[in-house]
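Engineer: I'd like to ask you about the structure that follows.
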Amino acid sequence: MMPDFIFQETGLSNNVEIFSPKHPKLVYFPDSNTSTRIYQNYKKLDQEIKNKWGEKGDLESFRNDEDKIIDFIRQGFKFGETPSLEKANAVLGKTLTNLWMNGSAKNLLDHYFTSDKTKIYMGMTRIESGSSSMHNKGTAFTIPLMDSGSVFNGYWGYVKGGIWQITEEISKINKSLGVMFYMSSNINSIDTNRMKVAFEKEKKDYEIDYDYMIFATDPITPSKLLKNFKLQQELENKDYLGTSGKITAFFKNPVKWKESSPYKNSDSAFRFVFSNQTLNAFESSSQRVVNSSDDYAPSYVQIYAEGAAQRVLKNREPFDKLTFFIKNIKYSKTADQLPFIKEEVMNLIFKHIVNPEDCVSTEFLCPKDLNEIFYFPKGNIDHMALNENQNFSQRHFSKNINKSFYLYGEYDNIYYCGAGAYPCGSVAGTAGYMCAKQLKRTVN
């Protein structure tokens, strides 16, 4: 989900190998034994969802209009522009802006589609990180936002050796440019008057000067380090709730899928297994883990065939690997307290696999684990919910957006570019790129 210009300009494209399956995504609903194929060619997809889901809407118009929105926001990424509804109205027109950026996901999906299954699939990304209701204003924008990466033209893909190779290579590039790293350090204090940071590393105390400071953490941590309790209290009132979990399953032999396919690299295809038949049931599931005592409200599982993708990239690993992205899990307990969720998910996926007995190990993480291990506020993978008043032009923490959208609080030389800022963590590297663009203009 990284923009291609960032991938190219940083030099990452020269240092990592990547792969995106061309195989149609495969979607399963409870009432179907065979998948619906999500073709990248919209004409083939249009025919498929008419045949399989009884769709009578206008997929072509949806794709054409979505492309206009995506082109607009990609241009903003490229030039580090502060997101603006006024500019959106001027470029896209008020009708598209209201429908795709100001409006609710429910209204957007109803505008183009008739089938609940189409609406569920096309709108599932609005709850990718949290539990945003489809009725909330601004949730329509999450749909094109999650398709705005351009390395794979809006599709997902893999990095040889794993996604962490991106940070490894970025570190190497930065070091070659003279950037100094102080890893495994504890910040003791930040003196904003003297512009100094005091920290401890390997039991030694250090103090360094700064002209500008950029935080790429969660949104709340900087306020704690700055001892700005007023700002901290203000930020803690935002919506951070995460409801997504993850299972990584290891197999001693390559996974064999029950459903055959005539297409190349079919074992690397992305798969989606839904638990809801209707849009209302899908919405209800996303809200149950917020408004009730239920720890788990099954909605969908995204399947990433990590091991198969690594084989395509000629990276031979000792185990095959599948990653399951799970919705919806309540933010209350850790994975070891909720073993039944892992059991339910594994049994659901095993129905589609010929050799489930080859699964030798699993790692399960709930939103609470993501908070305790990685410090994600309330376990949200995008740090802050993509919800009403927290999306597009309102996804910032600056008190002076005329100077910079990425300023942090009332400070004039402290910036924030973590996953909680626009666009979001899922559109990798983009907030940092845009923040740097705006800071550079200020300095110059």
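We did not get these values from a lab; they are worked out from the coordinates using the rules stated. This is a predicted model, so every value here is computed, not measured. We place every Cβ from the backbone using ideal geometry, glycine too, and count neighbours over all the protein chains shown.
Engineer: Modelled label-to-label distance, Lys94 and Tyr375, 7 Å Cα→beta-carbon offset: nm?
Structural biologist: Result for the modelled spin labels: 4.6 nm.
Engineer: Turning to a different aspect of this structure: What is the distance, in nm, between label points placed 7 Å from the Cα along the Cα-to-Cβ direction at Val290 and at Glu259?
Structural biologist: 3.0
Engineer: Given C-alpha coordinates of the range 1-95, what is the ratio Rg to Rh with the Kirkwood estimate of Rh?
Structural biologist: Details: Rg = 18.0 Å, Rh = 16.7 Å.
On the Cα set of the range 1-95, Rg over Rh gives 1.08.
Engineer: Another one. With charges only on Cβ, +1 for K and R and -1 for D and E, what is the dipole size of the chain about its Cα centre, in debye, rounded to 20? Mind showing how you got there, number by number?
Structural biologist: Values: 55 positive and 52 negative charges, 108 e Å.
The dipole of the chain has a size of about 520 debye.
Engineer: Using just the helices of the chain, give the 222 nm mean residue ellipticity in deg cm²/dmol: DSSP H runs with n ≥ 4 each add -39,500 (n - 2.57), and the total is spread over all residues, rounded to 500. Walk me through the intermediate numbers first.
Structural biologist: Details: 17 runs with 154 residues, N = 444.
That calculation yields -10000 deg cm²/dmol at 222 nm.
Engineer: To the nearest µm²/s, what D does Stokes-Einstein give for the range 286-339 at 10 °C and 1.306 mPa s, using the Kirkwood radius over alpha carbon pairs as Rh? Mind showing how you got there, number by number?
Structural biologist: Numbers: Rh = 13.3 Å.
After rounding, the answer is 120 µm²/s.
Engineer: If all Cα-Cα distances of the range 365-431 are sorted into 5 Å bins from 0 onward, what percent lands in each bin, rounded to whole numbers?
Structural biologist: Spelled out bin by bin, the range 365-431 gives 4, 19, 22, 23, 19, 9, 3, 1, 0 percent.
Engineer: Quick test of your reading: applying the under-4.7 Å Cβ rule, which cysteines of the chain are isolated?
Structural biologist: Singleton cysteines: Cys359, Cys366, Cys424.
Engineer: If contacts are Cα pairs under 8 angstrom and at least 6 residues apart, what is the relative contact order of the range 178-328 in percent? Mind dumping the intermediate values first?
Structural biologist: Numbers: 199 pairs, mean separation 31.8, N = 151.
Answer for the range 178-328 is 21 percent.
Engineer: State, in angstrom, two size descriptors of the chain derived from its alpha carbons: Rg to one decimal place and Dmax to the nearest whole number.
Structural biologist: Considering the chain through its Cα atoms, Rg and Dmax are 22.2, 67 Å.
Engineer: Please give the FRET efficiency for Ser32 paired with Glu234, using the beta carbon to beta carbon distance and R0 = 60 Å, rounded to the nearest 0.05.
Structural biologist: Values: r = 48 Å, r/R0 = 0.79.
It comes out at approximately 0.80.
Engineer: Right, next: Along each of its three principal axes, how wide is the spread of alpha-carbon positions in the range 198-241, in whole angstrom units, largest first?
Structural biologist: 37, 24, 18
Engineer: Still on this structure: Please sort by residue number the chymotrypsin sites (Phe, Trp or Tyr not before Pro) in the range 93-184 whose DSSP state is loop and whose Cβ has at most 10 other Cβ atoms within 10 Å.
Structural biologist: Numbers: sites: Trp100, Tyr112, Phe113, Tyr121, Phe141, Phe152, Tyr155, Trp156, Tyr158, Trp164, Phe181, Tyr182; in loops: Phe113, Phe152, Tyr155, Trp156, Trp164, Phe181, Tyr182.
When the chymotrypsin sites (Phe, Trp or Tyr not before Pro) of the range 93-184 are filtered for loop state and at most 10 Cβ neighbours within 10 Å, Trp164, Phe181 remain.
Engineer: Please name which of Phe340, Met124, Phe181 has its Cα lying farthest along the dipole of the chain towards the positive end, using unit charges on Cβ (Lys, Arg +1; Asp, Glu -1) and the Cα centre as origin.
Structural biologist: Result: Met124.
Engineer: Provide the per-residue ³J(HN,Hα) series for the range 393-402, in order, calculated from phi with Karplus coefficients 6.51, -1.76, 1.60 and θ = phi - 60°, each as a whole number of Hz, with x at glycine and proline positions.
Structural biologist: Couplings: 6, 9, 9, 7, 10, 8, 8, 9, 5, 5 Hz.
Engineer: Please say if the range 80-129 is rounded, prolate or oblate, where rounded means a/c under 1.5 for a ≥ b ≥ c the square roots of the C-alpha gyration tensor eigenvalues, and otherwise the choice is prolate for a/b larger than b/c and oblate otherwise?
Structural biologist: Values: a/c = 3.55, a/b = 1.75, b/c = 2.03.
Judged from the Cα gyration tensor, the range 80-129 comes out oblate (a/c at least 1.5, b/c at or above a/b).
Engineer: Once fully extended, how much extra length lies between Ile163 and Ser61, figured as 0.36 nm per residue of separation less the alpha-carbon to alpha-carbon distance?
Structural biologist: Working: separation 102, 0.36 × 102 = 36.72 nm, distance 3.40 nm.
Gain in length upon complete extension: 33.3 nm.
Engineer: A follow-up question, please. Top mean-square fluctuation among Phe340, Phe270, Phe215, Gaussian network model of the chain, C-alpha springs under 10 Å?
Structural biologist: Phe340
Engineer: Compactness ratio of the range 283-427: Cα Rg over 2.2 N^0.38 Å, N = residue count? Display every interim value, and only then the final one.
Structural biologist: Numbers: Rg = 19.1 Å, N = 145, 2.2 N^0.38 = 14.6 Å.
It is 1.31.
Engineer: Note down, for the range 140-255, the three equivalent ellipsoid semi-axes (square root of 5 times each alpha carbon gyration tensor eigenvalue), biggest first, whole angstrom. Display every interim value, and only then the final one.
Structural biologist: Working: eigenvalues 226, 108, 56 Å².
Taking √(5λ) for each eigenvalue gives 34, 23, 17 Å, largest first.
Engineer: Express as a percent, rounded to the nearest 5, the fraction of DSSP beta bridges in the chain (both residues included) that run antiparallel. Numbers along the way, then the final one.
Structural biologist: On the way: 44 of 51 bridges.
Taking every DSSP beta bridge with both residues in the chain, the antiparallel ones total about 85 percent.
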